[in-house]
Amino acid sequence: MDKNYDHKLHEDKIISAWEKSGAFAAPEASRAKADGKRPFTLIMPPPNASDPLHVGHAMFVTIEDILIRYHRMKGDATLWLPGTDHAGIETQFVFEKKLAKQGKSRYDFDRKTLYQMISDYVNEFSGVSVQQMKRLGASADWGRFKFTLDGDIVGFVLTTFEKLHRDGLVYRGERLVNYCVKCGTSYSELEVIHEEKNGKLYFIKYPLADGGEIVVATTRPETMPGDTAVAVNPEDGRYKHLVGKMVILPLANRLIPIIADPMVEKEFGTGAVKITPAHDMADYETGMRHNLPLIQAIDFSGRMAGAAGEFAGMKVEPARTAVIEKLDALGLVEQTKEHIHNVGTCYRCHSIIEPLPLAQFFIKTKTLAAKAIKALDSGETVVLGAGRDKILLDWLTNIRDWNISRQIVWGIRIPVWYDVTANPTMEVGFLNTASEFVRGTLIEMMERGHSLAEIEAGLQTLRPAIGAEFVVSKTKPGDNYLQETDTFDTWFSSGQWPVATLATNRPDDLSYYYPTNVIESGYDILTIWIMRMMLLSIYLTGETPFKWVYLHGLIRDEQGRKMSKSIGNVVNPLDLVEKYGADALRMALVMSTTPGSDSNVGESKVRGMRNLANKIWNAARYVMEPVNQDQKPGPMDEEFNQKLKQVIHDVTDQLENLKIGLAAETVYNEFWHWFCDKAIEDNKSCELSSDALRRGFVVFLKLLHPFTPFVTEAIWQNMIKDGLLLASTWPDA
RNA sequence: GGGCCCGUGGCGCAGUUGGUAGCGCGUUUCAUUGACAUUGAAAAGGUCAUUGGUUCGAGUCCAAUCGGGCCCACCA
């Protein structure tokens, strides 16, 4: 054996030996069942198919692989099911940025072509993440690999939607949605980030119809053309006498009522609020309570709409200035104050989110959430992650209906159809045969000579009226139908992941390997993903999808800063693997970490763990040729055996209880500071037999294997020369 | 405004059901040609944020305070 362990000489060879052995594959359910084996199932959180791995991925690969290797050695029927996600918005966003560089946009292509282009782009990179996971040592069952847009997964997702619809849990409704005019799609509230911004609070005089005025405070005067009321608090003595009176809305010169609603805070501003139901979530709610009409002043491109009269066509920011100037000229601006307020921004592109009214598909979540709450309350599902279980519970308790429509093509198209003859005025946007993007009502377009077939072929957007009837069907229900152009929220498909991946694999996988034991992910997607999996999986199977939720923390740099491209402190996990070996990176990522807490990882820690790999290697060299060759028990043998048992017991116990960081620390310390520093020295002084030392070392190889699989396997091949360490059995205490 | 998490030697972090504090990196001194300098031995360094309480005993439980971070929320 070489004097030093060089990971480059071993890792690739070991990966292929493992793969060739077939040990990664989970046993067939029927056989495992017959053998009386206990299943251990872990569904991999699917990384974006087109993205290379970052440290967060390396973290989940490591933690999950540790658990999988441990359970495999314990003799469980172990399934680690891998996959990748199409990541609808993320991917289309990146792709459109590429198009923009070529001076093109999504409107230069018909749906099919655009989809194909993105698909090709994703396929070009889709192998990368899988290769990288393998380099980290991921012992997943690659034969069961799934992609969220695989035909069988898509079929499964569509069936789920049909079932939800049959059960009355789907509706199409016009709601204020969080719309990003730059991304051209709506988002669920989970994808909106609230940021504090400096703005101005304008105090504007609204004249009363029968003389006098009422002053309202607003940060968004440009939405005034959409005002449909002024609201005051019912308890507010200053305004009680005005409730029910009419005001003349400046600029538009429309009459709108003064209403009383408890949502108004008396202390803020003037205690009077303009109500703009089409452009503010709270106003929308108020509008619903008071049956106020919806007037859209801003359109989906982020410009002022026709209702804004002279301001129509202007972008929001300049329109705000223009409106204030005009009002000021009319003497209607009482005062302007500097004001810090929360603004919703797009998590993707950081543009300001416009709340806009749009007909979308929603899933009713209340009844689904009740079952998830029950699973948490009863302990059927336990969340590990520094109190984040309470955040989950809070979300489930206050859950809102889930907007699952996205206005993008990269995803699963919603299987809903509209009858053309029944909806002649729905708006269509399509690429015509002359490759121009045209938009208008269906009937207009047909009158202009565009055939239904032409429209259907180039269709990008379809906007049927609010109450339009629709048919849910996987296939076209008749010649006179056009399909909804929205696709499902990516999380709608990944929310079914544990069930969908098992149901579309081997025949008995779902019945045997479900519910899964552990789901592992970063806490940043607790609500957006984990919660959705609970909702949909319980709905589909009646059982909670996982017993344990293990939430790992964010990985920060050595100084505790978030990794970001602008700081330039992003570490590529594969570079570290190249330099120090996969074992070193794995150990550095998990040692002394605890669920839910962020951890800082820098090169010095990885280097320290590379030293561990070398230490193991050299311990092997000693054990194979110890100074004391005596097989007979030495005076320290008894104590050594006792201690060894204790170590096995501790590590096993910690792994059983998902205390992975602690288990890593225990093996590290006991191996280095007890086995190497004490036991080997005892052997040198002839107090410990070589026999005991060797048995102890083999135990340590096994205990270390889940954490540092490569170096331990390399030694096993050198020393034991029988089978693979990967497939050996876990030591008994 | 409501909720959650964190505050342990210079730095980064553990500490499993409460029993007189550990690890990595760093620092100091010494050692080493036979497992490993990617090493070993020894050492310096912490009143476990502060205050009060429960307990025979608290880093570990409770309360309050200060500091840092996060989540949620219709003060426009």
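Every read-out reported here was derived from the displayed coordinates using simple, explicitly stated rules and does not represent laboratory data. Treat the numbers as computed from the prediction; the structure is a model and nothing was measured. As a convention, Cβ positions derive from the backbone with ideal geometry for all residues, glycine included, and neighbour counts pool all protein chains shown.
Beta bridges per DSSP, both residues in chain A: antiparallel share near 75 percent. Note on A:I466 and A:E267: the model spin-label points, each 7 Å out from Cα along the C-beta direction, lie 3.7 nm apart.
Two tests apply to each whole DSSP H helix in chain A, Cα reach of 18 Å or more along its axis and mean Kyte-Doolittle hydropathy of at least 0.0, and the ones passing both are A:55-74, A:151-166, A:316-329, A:690-704. Computed extension gain for A:A457 through A:T321, at 0.36 nm per residue and net of the alpha carbon distance, reaches 44.7 nm. Of A:W548, A:W716, the sequence from fewest to most neighbouring Cβ atoms within 10 angstrom is A:W548, A:W716. Label positions at A:E285 and A:S597, each projected 7 Å from the Cα along the C-beta direction, are separated by 3.7 nm.
Computed from the C-beta positions of A:K684 and A:D6, the FRET efficiency with R₀ = 25 Å rounds to 0.40. Maximal additional length on extending the A:L330-A:T219 stretch stands at 38.1 nm, based on 0.36 nm per residue less the C-alpha distance. Taking segment A:259-298 and a reference point 7 angstrom along Cα→Cβ of A:E235, the backbone N atoms nearer than 18 Å belong to A:260-273.
Using only C-alpha atoms and all pairs of different ones, pull out the Kirkwood radius for segment A:405-517 in Å with one decimal. Final number for the Kirkwood radius of segment A:405-517 is 16.0 Å. Stretched out straight at 0.36 nm per residue, the stretch from A:L255 to A:Q631 would grow longer than its current Cα-Cα span by 125.2 nm. The relative contact order of chain A comes to 16 percent, based on Cα pairs under 8 Å that sit 6 or more residues apart. Each of A:Y239, A:Y107 has some number of other Cβ atoms within 10 Å of its Cβ, and from fewest to most they run A:Y107, A:Y239. For segment A:111-228, the convex hull drawn through the C-alpha positions has a volume of 242 cubic angstrom per residue. Go ahead and collect, in residue order, the members of segment A:139-160 whose backbone nitrogen is under 16 Å from a label point 7 Å along the Cα-Cβ direction of A:E28. From segment A:139-160, the list is A:144. When the P(r) of segment A:220-262 is calculated, the portion above 11 Å amounts to 63% of the C-alpha pairs. Rg over Rh for chain A works out to 1.07, both radii taken from alpha-carbon positions and Rh defined as the Kirkwood radius. Taking all Cα-Cα distances within segment A:240-279, those exceeding 13 Å account for 61%. Shown is the FRET efficiency for A:E162 and A:M624, computed with R0 = 60 Å from the Cβ-Cβ distance and rounded to the nearest 0.05: 0.40. Give the calculated FRET efficiency between A:A733 and A:A386 to the nearest 0.05, with a Förster radius of 30 Å applied to their Cβ-Cβ distance. That pair, A:A733 with A:A386, gives E of 0.50. Each residue in A:D236, A:D35 was given a count of other beta-carbon atoms within 10 angstrom of its own, and listing them fewest first yields A:D35, A:D236. For segment A:1-86, the fraction of C-alpha pairs more than 17 angstrom apart is 62%. So what does log10 I(q)/I(0) come out to for segment A:679-733 at q = 0.14 Å⁻¹, using the Debye formula with one equal point on every Cα and no solvent? Reported log10 I(q)/I(0), two decimals: -0.40.
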